[in-house]
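Enquirer: Quick one: this structure, given as structure tokens, is what I'll be asking you about.
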Amino acid sequence: MSDKSSNQMWGGRFAAGPDAIMEAINASIGYDQRMAAQDIAGSRAHAAMLAATGIITDNDAQVIREGLLTVLSEIQGGTFEFSTALEDIHMNVEARLKEIIGEPAGRLHTARSRNDQVATDFKLWVRDQIDAAIEGIEALIKSLIGQAEAGADWVMPGFTHLQTAQPVTWGHHMMAYVEMFGRDLSRFRDARARMNESPLGSAALAGTSFPIDREMTAQALGFDRPTANSLDAVADRDFALEFLSCASITAMHLSRFAEELVIWSSAQFRFVTMSDKWSTGSSIMPQKRNPDAAELLRAKIGRIFGANVALMTVMKGLPLAYSKDMQEDKEQVFDAADNLMLALAAMTGMVSDMTGNRENLAAAAGSGFSTATDLADWLVRELNLPFRDAHHVTGSLVAMAESKGCDLPELTLEDMQSVHTAITRAVFDVLGVDNSVASRMSYGGTAPAQVRAQIARWKDLLT
Ligand code: ARG
């Protein structure tokens, strides 16, 4: 290098080094060091391929590949000194390799650019996170199934508008979330299959004149095939965006359940008791047991949505191929992934450790005229009333119960007959919540038998 202060990787045409502020805005090493293992795996695959195709010697490749392992162990052992002047993980690793093995290090970057290198590293990193998300969601589904099995026939109020609607079963409510997280699983799996193409060998943007073997590096890195267009490959961050959008939908589901747990654990509801492990007390109010984990989980979701919007905004309007804007992709994805994994683990723990309060659930299930629809259905079935008329008769009975300060099953037969003469004692059979839920035998309905069938189906799917 003629000038010590210009960059040793590309300083050939630069007379002076960068301004300090330029260095600060340009450097990504503060965060992209998280991709060190992926960077080194990519470089090792590249070096092996360069030797197999005769572009570098076997000996150089071997020295490079071993040197890279030394660099990796330095990084993992915490002894590696990251340099901001070297911008990013790619140049930090290569510079250290040069210190360790000397001249052959300079041959590693043949037929490659940081553009295909970073796309490869980041894809490998995101792919690992997809695998972790899949594992995390599967664990959560298993804990939900555990709750559903324990309370397949426990009755509780089902809500619409957060107003008592019809009785449902605890198991049915848990299995609703299993369906939601099950769709999340399949979204992550789809995203993984679509993104699993290797950008390595796309070089800066146009491909390379060297006789590389992209199939070989793709295979070595666990990709299904190489990407088919080098311009696209270095400019594409869809895989990160798909990860963030899958993560956002999962996060949205987590926040809905978190919200329910906050409501359910309140003194007004007492539907669940959260384990001490997932609650906190108050420094001033001794009676408090706050569902902090659920609240934090509800809030963390905002960061994941934020990352999705931020990266969409970074990518919007960028001309092909690579632009430095794209360096802003990583921190958002790192933060979203960290928080998603934390949220999944916290929710799995909370669900496994919580106790549904069967008696409170049952008491609430019977209040609020929750079997009014059962009464209306009975009038249709037994007295052949048109549903609209049955709805009207039932409405009058609800009003009567309300004015007497009782629930529907507490009305007398005479009360009932004063509204519709043909009503018989048999109507009382459908006013109980257990009969109500047992009668909802339509496929996917809340009857315990239906819930158990869905539990069996999911257990099958997960093995
Ligand atoms: N640190 C860069 C990034 O994260 C690596 C690619 C740099 N490429 C370039 N042509 N300057 O995007």
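Read the figures in this text as sums done on the coordinates, not as results from a lab. What you are looking at is a predicted structure, and each value in this text was computed from that prediction instead of being measured. For neighbour counting, all protein chains shown are included, and Cβ atoms are generated from backbone atoms with ideal geometry for every residue, glycine included.
Enquirer: Which order results if Asp407, Asp389, Asp39 are arranged by neighbouring Cβ count within 10 Å, fewest first?
Expert: Working: Asp407 17, Asp389 14, Asp39 28.
The fewest-first ordering by Cβ neighbours comes to Asp389, Asp407, Asp39.
Enquirer: According to a simple spin-label model (label point 7 Å from Cα along Cα-to-Cβ), what is the distance in nm between Asp213 and Lys142?
Expert: Distance between the two pseudo-spin positions: 4.0 nm.
Enquirer: Counting only residues 5 or more places away or on other chains, whose amide H sits under 5 Å from the amide H of Val272 once H atoms are built in the peptide plane?
Expert: Ser265, Asn357
Enquirer: Same structure, new question: Using only alpha carbon positions, build the gyration tensor of the chain, then give the equivalent ellipsoid semi-axes as the square roots of 5 times its eigenvalues, largest first, whole angstrom. Can you show the working numbers first?
Expert: On the way: eigenvalues 781, 100, 68 Å².
Three semi-axes, in Å: 62, 22, 18.
Enquirer: Give me the distance between the Cα centres of the stretch 307-364 and the stretch 1-80, rounded to whole Å.
Expert: 31 Å
Enquirer: What relative contact order, as a whole-number percentage, does the stretch 37-191 give when Cα pairs under 8 Å and 6 or more residues apart are counted? Intermediate values should be presented prior to the final figure.
Expert: Numbers: 136 pairs, mean separation 29.4, N = 155.
Answer for the stretch 37-191 is 19 percent.
Enquirer: Sticking with this structure for a sec: Computed from the mean reciprocal separation of all distinct C-alpha pairs, what Kirkwood hydrodynamic radius does the stretch 238-300 have, in Å?
Expert: On the way: mean 1/r = 0.0767 Å⁻¹.
Mean inverse Cα-Cα distance, inverted, gives 13.0 Å.
Enquirer: On to the next question. Quick check: from the Cα gyration tensor, does the stretch 1-94 come out rounded (a/c under 1.5), prolate or oblate?
Expert: Numbers: a/c = 2.50, a/b = 1.45, b/c = 1.72.
Since a/c reaches 1.5 but b/c is at least a/b, the shape of the stretch 1-94 is classed as oblate.
Enquirer: Further question on the same structure: With only Lys, Arg, Asp and Glu charged, each at its Cβ (+1 for the first two, -1 for the last two), find how big the charge dipole of the chain is about the Cα centre; round to the nearest 20 debye.
Expert: Working: 41 positive and 59 negative charges, 45 e Å.
For this selection, approximately 220 debye.
Enquirer: Using Cα pairs closer than 8 Å and at least 6 residues apart in sequence, work out the relative contact order for the chain, in percent. List each step's numbers first, then the result.
Expert: Details: 662 pairs, mean separation 73.0, N = 463.
Contact order relative to length: 16 percent.
Enquirer: Hey, could you get me the Stokes-Einstein D for the stretch 191-323, Kirkwood radius over alpha-carbon pairs, 4 °C and 1.567 mPa s, rounded to whole µm² s⁻¹?
Expert: Values: Rh = 18.5 Å.
Estimated diffusion coefficient is 70 µm²/s.
Enquirer: What ranking, highest mean first, results for peptides 155-165, 11-21 when packing means the other Cβ atoms within 10 Å averaged over each residue? Walk me through the numbers on the way to the answer.
Expert: Numbers: 155-165: 16.0, 11-21: 11.2.
Output ranking for 155-165, 11-21: 155-165, 11-21.
Enquirer: Using 10 Å bins from zero, what percent of all Cα-Cα pairs in the stretch 280-343 falls into each bin?
Expert: Binned Cα distances yield the sequence 19, 33, 22, 15, 8, 3, 0.
Enquirer: Next up: Of Ser352, Ser83, how do they rank once you tally other Cβ atoms within 10 Å and put the fewest first? Can you show the working numbers first?
Expert: Numbers: Ser352 17, Ser83 13.
Ranked by crowding around the Cβ, least crowded first: Ser83, Ser352.
Enquirer: Does the stretch 119-178 classify as rounded, prolate or oblate by the C-alpha gyration tensor (a ≥ b ≥ c root eigenvalues; a/c under 1.5 gives rounded; else a/b over b/c gives prolate, otherwise oblate)?
Expert: Note, shape of the stretch 119-178 comes out oblate.
Enquirer: Further question: Restricting attention to the stretch 295-340, which trypsin sites (Lys or Arg not before Pro) occupy a DSSP loop and are surrounded by at most 10 other Cβ atoms within 10 Å? Mind dumping the intermediate values first?
Expert: Numbers: sites: Arg298, Lys300, Arg303, Lys316, Lys324, Lys330; in loops: Lys316.
Filter output for the stretch 295-340: Lys316.
Enquirer: For the charge dipole of the chain, defined by +1 on Lys and Arg C-beta atoms and -1 on Asp and Glu C-beta atoms about the Cα centroid, which residue among Ala105, Gly317, Val178 has the Cα displaced farthest towards the positive pole?
Expert: Highest projection toward the positive end goes to Val178.
Enquirer: Treating the angle as unsigned and between 0 and 90°, give the value, to the nearest 10°, between the Cα long axis of helix 238-264 and the longest Cα principal axis of the chain.
Expert: So the helix axis and the longest Cα principal axis differ by about 30 degrees.
Enquirer: Next up: Treat every Asp and Glu Cβ in the stretch 293-436 as -1 and every Lys and Arg Cβ as +1, leave all other atoms uncharged, and give the resulting dipole magnitude about the Cα centre to the nearest 20 debye. Numbers along the way, then the final one.
Expert: Details: 11 positive and 20 negative charges, 107 e Å.
With only Lys, Arg, Asp and Glu charged at Cβ, the dipole is about 520 debye.
Enquirer: Which of Ser439, Gly405, Met326 sits closest to the plus end of the dipole of the stretch 307-463, meaning its Cα is farthest towards the positive end, when Lys and Arg get +1 and Asp and Glu get -1 on the C-beta?
Expert: Met326
Enquirer: Turning to a different aspect of this structure: Mind checking the angle between helix 292-315 and the chain's longest principal axis? C-alpha axes, 0 to 90 degrees, to the nearest 10.
Expert: 50 degrees
Enquirer: Report, in degrees rounded to the nearest 10, the 0 to 90 angle that the Cα long axis of helix 330-353 makes with the longest principal axis of the chain.
Expert: It is inclined by approximately 40 degrees.
Enquirer: Under the rule of at least 5 residues apart or a separate chain, name every residue whose amide H is placed under 5 Å from the amide H of Gly158.
Expert: Ala165, Gln166, Val168
Enquirer: In Å³ and rounded to a whole number, note down the convex hull volume per residue for the Cα atoms of the stretch 109-224. Walk me through the intermediate numbers first.
Expert: Working: hull volume 13.8 nm³, N = 116.
Roughly 119 Å³ of hull volume per residue.
Enquirer: What translational diffusion coefficient, in µm²/s and rounded to a whole number, does the Stokes-Einstein relation yield for the stretch 23-173 at 4 °C and a viscosity of 1.567 mPa s, taking the hydrodynamic radius as the Kirkwood radius over Cα pairs? Intermediate results must be reported in sequence, preceding the final value.
Expert: On the way: Rh = 18.9 Å.
After rounding, the answer is 69 µm²/s.
Enquirer: Also, I was wondering about something else. Report, in whole Å, the centroid distance computed from the Cα atoms of the stretch 159-198 and the stretch 219-288.
Expert: Result: 13 Å between the Cα centres.
Enquirer: To continue, here is another question. Which value, in debye to the nearest 20, gives the size of the charge dipole of the stretch 1-141 about its Cα centre, when Lys and Arg are +1 and Asp and Glu are -1 at the Cβ?
Expert: On the way: 12 positive and 21 negative charges, 70 e Å.
The dipole magnitude comes to about 340 debye.
Enquirer: Now for a separate question. If I take every Cα pair under 8 Å that is 6 or more residues apart in the stretch 358-434, average their sequence separation and divide by the length, what percent do I get for the relative contact order? Kindly include the intermediate steps, with their values, before the conclusion.
Expert: Values: 64 pairs, mean separation 29.1, N = 77.
Relative contact order here is 38 percent.
Enquirer: At a 10 Å Cβ-Cβ cut-off, how would you order Cys406, Cys246, fewest neighbours first?
Expert: Cys406, Cys246
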